[in-house]
Amino acid sequence: MKQVTMKELPKEERPYEKCLKHGPESLSDAELLSVIIRTGTRCDNSLSLSRKILEKGEKGLLGLLHHSFPELMEIRGIGPVKASQLLCIGELSRRIWRQAASGEELSFHSPESIAGYYMEEMRHREQEELRVMFFNTKQVLIKELLLSRGTVNASLATPREIFIEALRYRAVSLILVHNHPSGDPSPSREDAAFTKRVRLAGELMGIPLLDHIIIGDNSFMSLKERGML
């Protein structure tokens, strides 16, 4: 059956016109997405297509942070261009959040501020990622690196890799940050063992490990605060 086009909808039901008259805050999630993707298909107008996107995997807007390019292409009416647009929306939201979290008041002396800096970027990841923050003598961040991306429940890295990079950037201290895709930031036995190895290597190298932050779903754990450093 041929879908009703956007032009055939009453003006008050068209997302673009509704946005102009009442502002973007008046739009539903599907209407907001409809304005961004602009066009639909012969079978679905942009609003109907937006609803299909949000219904995929029953994740709603969070799906834009989780779905891969091939998964988006599985939706009828989504080609390479629209799939790329949707991935860019997710990435843009991460960057906006991170820039907001990295304002002038951000202090890397606080586990809360470090967790806030990485939370929206890392809590939606499907795999574990290990990031390392390198600091100078004033504990100013001089470099941050994505050191490894692992399986669903394990990231792959060694203390040797970490301290090769630390020497490369002449760091005097470091902090580890990684995520738990399960959403539970509680440290595993492997987390504790890896942290201990990095701490001991840091003591030998004279580049101390200041903390290890584990990111969960809107939650985090500082291994220093847990007494594990």
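The values are calculated or read from the model by the stated rules, or taken from the named source; none is laboratory data. Computed from a predicted model, the values in this text were never measured in an experiment. Because the Cβ atoms are built from the backbone with ideal geometry, glycine has one as well, and the counts that use them run over all protein chains shown.
The table that follows gives values for the structure above.
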{"quantity": "Residue satisfying all of: in the stretch 20-55; in contact with an Asp or Glu (Cβ under 8 Å, 6 or more places away or on another chain) and crowded, with 17+ Cβ neighbours inside 10 Å; nearest to residue 127 (Cα to Cα) among these", "calculated": "54"}
{"quantity": "Residue ranges of helices (runs of 4 or more DSSP H) in the stretch 26-85 with at least 1 members touching a residue at least 24 places away in the same chain (Cβ under 8 Å) and touching a helix residue (DSSP H, G or I) at 6+ places or on another chain (Cβ under 8 Å)", "calculated": "29-37, 46-55, 63-66"}
{"quantity": "Sole residue being assigned to a helix (DSSP H, G or I) and of a type outside the set (Val, Ile, Thr), chosen from 166, 171", "calculated": "166"}
{"quantity": "Verdict on residue 173 being hydroxyl-bearing (Ser, Thr, Tyr) and touching a strand residue (DSSP E or B) at 6+ places or on another chain (Cβ under 6 Å)", "calculated": "yes"}
{"quantity": "Which numbered condition residue 181 misses (of (1) closer than 22 Å to residue 62 by Cα; (2) loosely packed, with under 13 Cβ neighbours inside 10 Å; (3) not small (Gly, Ala, Ser))", "calculated": "(2)"}
{"quantity": "Qualifying positions in the stretch 140-177 - in contact (Cβ under 8 Å) with a residue 40 or more places away in the chain and at positive phi", "calculated": "none"}
{"quantity": "Evaluation of residue 69 against (1) at pLDDT 85 or above; (2) under 13 Å from the mean Cα position of the chain (by Cα); (3) loosely packed, with under 15 Cβ neighbours inside 10 Å (one fails), failing number", "calculated": "(2)"}
{"quantity": "Checklist (1) assigned to a helix (DSSP H, G or I); (2) surrounded by fewer than 20 Cβ atoms within 10 Å (Cβ to Cβ) applied to residue 146, failing item", "calculated": "(1)"}
{"quantity": "Residues being assigned to a helix (DSSP H, G or I) and among the β-branched types (Val, Ile, Thr) - total across the stretch 174-206", "calculated": "2"}
{"quantity": "Pick from the stretch 169-206, criterion among the charged types (D, E, K, R) and closer than 17 Å to residue 125 by Cβ, ranking: farthest from the chain's Cα centre (by Cα)", "calculated": "191"}
{"quantity": "Residues located in the stretch 207-219, provided they are within 23 Å of the chain's Cα centre (by Cα) and either in a loop (DSSP other than H, G, I, E, B) or not assigned by TED's automatic domain parsing to the domain that holds residue 162 (or both)", "calculated": "216, 217, 218, 219"}
{"quantity": "Some residue of the stretch 72-86 being modelled with pLDDT of 85 or more and touching a strand residue (DSSP E or B) at 6+ places or on another chain (Cβ under 8 Å)", "calculated": "no"}
{"quantity": "Scan of the stretch 121-161 for residues that are of a type in the set (Val, Ile, Thr), within 22 Å of residue 202 (Cβ to Cβ) and within 20 Å of the chain's Cα centre (by Cα), ordered by number", "calculated": "132"}
